[in-house]
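Please treat every number below as a calculation from the coordinates, not as lab data. Here the structure is a predicted model, which is why all the values come from computation and not from measurement. Note: ideal-geometry Cβ built from the backbone for every residue, glycine included; neighbour counts use all protein chains shown.
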Amino acid sequence: MRAPDTLTAGTRRRIPRSWWPWCSTAGRLVLAGVWAWAGVAKLGDPDASVRAVRAYDILPETFVKPFAWGLPFVELALAVLLLLGIATRPAAWASAALLLVFIGATVSVWARGLQIDCGCFGGGGQSSADATSYLRDIGRDGLLLCVALLVAAGAPSRLALDNVLSPEER
Amino acid sequence: MWWVVGGVIVAAIVVGVIVQQSRSSTESAKVVRPASAVGPNGGVLVGDANAPVTITEYGDFQCPVCAQLHRLWQPTLEQLVQQGKAKFEFVGLEYLDQGGTESLRSAAAAVCAADAEKFVDYYNELYTGQSRTENSGFLTDARLLGFGRSAGITDPTFARCVSSRKYTGWVTKNTDAASRRGVTGTPTVLVNDKVISNSVAADPERLTDAVNQAAGQG
């Protein structure tokens, strides 16, 4: 079926309405992939995770370990929810919130002139050379934030368990 | 559906803390205090303990910038220590281990070498013989013992110390302490507990100035 608004006046083409749910599906899979990768990479060395969180010098020591140790599991949980399409929208909002936290933290270390590695995909957060690349990290997280917002606010996804579990809440 | 995500996140944090705490080597480290001289930051101490200034290096034997610094500052460092102007403290860290234990075991082996009174030679061997790639499996126990032979260590307790991982808990403890005090990278150099930049440390004149200045303030 072709929606009547697929073509606007002039030559600009819009994405057909029927594609939107598939865009949401694609967005979900991208986010799920990134969260899974980030989560698995951080699992290997719990001590490095703690050092990485500490290196940001933002959280008080009491919260450093719960954050460092909880984060990979939260990332994996979000990956599973998004992959299966369970509670898709809240999971996407939660992803957006987490990405905003990451962006904020990166901006904060950059502004304070600290030299650290983000530890985004594992590692202990230390940078031995001047190879810090805050802008790249912020750009990547910004792109992912757009994807998360698209899934959170966009059309209901295809291939999502939400459609089976609670179709009225989509 | 919000409660699903909220509940899953809370559960994930609880599970994460329980699982990772049980896997953390910092939490379970068996700490043996070295018999050799121990500096104020838990490192090996070289030189006159009464020297007015302490130069502390937080280093990692897998870290290429540390090896570079070693090459650049070694003559000045030796001179300052020999003149009695400064003592040198080396705190070996396991910052660059990713999945492996090469930084950890080499730092622990250096403490074993200190027990055998051959720390400086062993430290020099580890930095000058550093592999070009990190976490490549280069620093096996056999190679750590080989560096010991090159450093002139004949004491059989050294081999036992290295292979029994006697001081790995000590290194883990020092690594955690370093992270807590804000050491985010290696090398980090301190003169009397004040961080100096690596470019100052690598420059003989500026390093000597920094030491003289610290001695003046002492």
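Helix-only estimate, please: 222 nm mean residue ellipticity of chain B, summing -39500 (n - 2.57) across DSSP H runs of length 4 or more and dividing by its residues, to the nearest 500. Can you show the working numbers first?
Working: 10 runs with 119 residues, N = 218.
Helices in chain B give a 222 nm mean residue ellipticity of -17000 deg cm²/dmol.
Work out the charge dipole of the range B:15-103 with +1 on the Cβ of Lys and Arg and -1 on the Cβ of Asp and Glu about the Cα centre, then indicate which of B:Q82, B:Q98, B:Q68 is farthest towards its positive end.
B:Q82
Can you give me the convex hull volume of the Cα atoms of the range B:29-84, divided per residue and expressed in Å³?
99 Å³
Would you mind ranking B:T26, B:T140 so that the residue whose beta carbon has the fewest other beta carbons within 10 Å leads the list?
Working: B:T26 18, B:T140 11.
Ranking B:T26, B:T140 by Cβ neighbours within 10 Å, fewest first, gives B:T140, B:T26.
Go ahead and run the numbers for FRET between A:Y134 and B:S199, Cβ-Cβ distance against an R0 of 30 Å, rounding to 0.05.
Details: r = 21 Å, r/R0 = 0.71.
It comes to 0.90.
Given A:K65/B:K118; B:K85/B:K194; B:K30/B:K85; B:K85/B:K166; A:K65/B:K87, which pairs have Cα atoms separated by over 26 Å?
Checking Cα-Cα distances, A:K65/B:K118; B:K30/B:K85; B:K85/B:K166; A:K65/B:K87 exceed 26 Å.
Starting at 0 and stepping by 10 Å, how many percent of the alpha carbon pairs of the range A:51-130 end up in each bin?
Values per bin, smallest distances first: 17, 45, 28, 9, 0.
How would B:I18, B:I9 line up from fewest to most surrounding beta-carbon atoms within 10 angstrom?
Values: B:I18 12, B:I9 20.
In order of increasing Cβ crowding within 10 Å: B:I18, B:I9.
Taking only C-alpha pairs under 8 Å that are 6+ residues apart, what is the relative contact order of the range B:86-200 in percent?
Details: 114 pairs, mean separation 36.8, N = 115.
Over the range B:86-200, the number comes to 32 percent.
For A:D137, B:D209, A:D45, what ranking results if the residue with the fewest other Cβ atoms within 10 Å of its Cβ goes first? Don't skip to the end; give the middle numbers.
Working: A:D137 20, B:D209 12, A:D45 23.
Ordered from fewest to most neighbouring Cβ atoms within 10 Å, A:D137, B:D209, A:D45 come out as B:D209, A:D137, A:D45.
Using the C-alpha atoms of the range B:51-209, what convex hull volume per residue, in cubic angstrom, is computed?
Working: hull volume 16.8 nm³, N = 159.
Each residue corresponds to 106 Å³ of Cα convex hull volume.
What fraction of the Cα pairs in the range B:56-114, stated in percent, has a spacing above 18 angstrom? Mind showing how you got there, number by number?
Working: 678 of 1711 pairs.
That tail contains 40 percent of the Cα-Cα pairs.
Mind grabbing the base-10 log of I(q)/I(0) for the protein assembly as shown at q = 0.08, 0.09 Å⁻¹? Debye formula, identical points on the C-alpha positions, no solvent, two decimal places.
Summing over Cα pairs of the protein assembly as shown leads to -0.52, -0.62.
Relative to the Cα centre, what is the charge dipole magnitude of the range B:91-218, using +1 at the beta carbon of each Lys and Arg, -1 at the beta carbon of each Asp and Glu, and rounding to the nearest 20 debye? Mind dumping the intermediate values first?
Details: 13 positive and 15 negative charges, 65 e Å.
Magnitude of the dipole: close to 320 debye.
Radius of gyration and Dmax for the range B:1-125's Cα atoms, expressed in Å?
20.1, 71
Tally Lys/Arg at +1 and Asp/Glu at -1 over every other residue whose Cβ is under 13 Å from the Cβ of B:L190; what's the total? Show your work: numbers first, answer last.
Numbers: positive: B:K87, B:R181, B:K194; negative: B:E57, B:E89, B:D193.
With Lys, Arg at +1 and Asp, Glu at -1, the neighbours total 0.
Hey, got the dipole for the protein assembly as shown? About the Cα centre, +1 on K and R Cβ, -1 on D and E Cβ, debye to the nearest 20? Walk me through the numbers before you get to the answer.
Working: 35 positive and 34 negative charges, 263 e Å.
Charge dipole, the protein assembly as shown, about its Cα centre: 1260 debye, nearest 20.
Quick one: putting +1 on the C-beta of Lys and Arg, -1 on the C-beta of Asp and Glu, what dipole do you get for the range A:33-154 around its Cα centre, in Debye to the nearest 20? Could you put the intermediate results ahead of the total?
Working: 8 positive and 9 negative charges, 44 e Å.
With only Lys, Arg, Asp and Glu charged at Cβ, the dipole is about 220 debye.
Name the residue farthest towards the positive end of the dipole of the protein assembly as shown from the options B:V8, B:S131, A:S157, assuming +1 on Cβ of Lys and Arg, -1 on Cβ of Asp and Glu, about the Cα centre.
The residue sitting most towards the positive pole is A:S157.
Give me P(r) over the range B:164-213, computed from all C-alpha to C-alpha distances, binned every 10 Å, as integer percentages.
Once binned at 10 Å, the Cα pair distances of the range B:164-213 give 22, 39, 26, 11, 0.
Could you rank the peptides B:120-131, B:104-115 by their average count of other C-beta atoms within 10 Å per residue, with the highest value first? Can you show the working numbers first?
Numbers: B:120-131: 19.8, B:104-115: 26.7.
Ranked from most to least packed, the peptides come out as B:104-115, B:120-131.
Evaluate E = 1/(1 + (r/R0)^6) for B:T154 and B:T208, where r is the Cβ-Cβ distance and R0 equals 35 Å; express this FRET efficiency to the nearest 0.05.
Efficiency for this residue pair is about 0.50.
Over the range A:22-170, what number does the Rg to Rh ratio reach, with both radii from the alpha-carbon atoms and Rh per Kirkwood? List each step's numbers first, then the result.
Values: Rg = 16.1 Å, Rh = 15.9 Å.
Value, to two decimals: 1.02.
Would you work out which of B:V17, B:P40, B:V162 lies farthest towards the positive end of the dipole of chain B, given +1 charges on the beta-carbon of Lys and Arg and -1 on that of Asp and Glu, about the Cα centre?
Towards the positive end, the residue furthest out is B:V17.
At a Förster radius of 22 Å, what calculated FRET efficiency corresponds to the Cβ-Cβ distance of B:A35 and B:S163, to the nearest 0.05?
0.80
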